[in-house]
Amino acid sequence: MEQAFESGGVRGVLHTPGQPNGDAFALTHGAGSNCNAPLLLVLARALAEGGYAVLRYDLPFRQNRPKGPPFPAAAARDREGIAHAVAALRGLAPGRIFAGGHSYGGRQTAMAAAEHAGLADALLLLSYPLHPPKRPEQKRTSFFPELRTRALFVHGTSDPFGTIEELREGMTLIPAATDLLVVEGAGHDLKRSADLGGQVLERFRVLLGAARGCIDGTL
């Protein structure tokens, strides 16, 4: 079941599984989209079929403006919105809470987790924007050594925001368990996989069973 959700400053859509396992995901969007992004919808439905409650939600910048990118000066407020979304899910699901998002949303979620240990039990980072296109020297990994939450990265081989090799190198900076699901031929939107939702669900479950270190695989 899918229904509109709005509570405590959090706005989005809640997916309630038919056979809940008690765990839940809070997923958010990239800089140019909102909680109705096709990628989030596909993943939310696949995760709900797997027994997880899913809240796909709008970041504060998108609640304030229906269009346009976020302002860098307001990124801290977006991270506060992520914390509020996770807190809202903790009031709805008795089990573990996972958080993540696409591009900017995933980056801010990871930063929030690095700032607040225990924010989430694991992260799902879709097309992490490792650096601006054609600017590989501007790495967005300075906080990775502080990230102690296990994370699954899902990345396309044609993503201009970072190559697979660059991302693998960056992941070595994270002291928690990490996994990388490589989507062959996909760009930043991850549209090239016919069963991305099922693959993400399977690999995320593998990540949850990993205590430490790095797993790696290709879709």
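Values quoted throughout were computed directly from the atomic coordinates according to the rules given, and no laboratory measurement underlies them. Quick caveat: nothing in here was measured; it's all calculated off a predicted structure.
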To check you understand DSSP bridge types, tell me what percent of the beta bridges within segment 2-218 (both residues inside) are antiparallel, rounded to 5. 25
Expressed as a rounded percentage, what relative contact order does the chain have, with Cα pairs under 8 Å and six or more residues apart? 17
Relative contact order for segment 54-107 using alpha-carbon pairs under 8 Å, separation at least 6, rounded to a whole percent? 32
Students often get this wrong, so try it: which of [x] 1, 7, 17, 22, 22, 18, 10, 3, 0, 0; [y] 1, 7, 15, 18, 21, 18, 13, 6, 1, 0; [z] 1, 6, 11, 13, 12, 11, 11, 10, 9, 6, 5, 2, 1, 0 is P(r) over Cα pairs in 5 Å bins from 0, in percent as calculated from the structure shown? [x]
So what is the 222 nm mean residue ellipticity for the chain from helices alone, if each DSSP H run of at least 4 adds -39500 (n - 2.57) and you divide by all residues, rounding to the nearest 500 deg cm²/dmol? -9000 deg cm²/dmol
Along segment 20-37, what does the Karplus equation 6.51 cos²θ - 1.76 cosθ + 1.60 (θ = phi - 60°) give for ³J(HN,Hα), rounded to whole Hz, x for Gly and Pro? x, 9, x, 9, 8, 10, 10, 10, 10, 9, x, 5, x, 9, 8, 5, 9, 4
Over segment 43-152 - Rg/Rh using Cα atoms and the Kirkwood inverse-distance radius: 0.96
Binned Cα-Cα distance frequencies in segment 99-219 - 5 Å width, integer %: 2, 12, 24, 27, 21, 10, 3, 0
Using modelled backbone amide H atoms (1.01 Å from N, in-plane), which distant-in-sequence or interchain residues come within less than 5 Å of Arg56's amide H? Val13, His15, Leu27
For segment 1-55 and segment 79-144, what is the centre-to-centre distance using only Cα atoms, to the nearest Å? 15
Segment 9-127 - percent relative contact order, Cα under 8 Å, separation 6 or more: 32
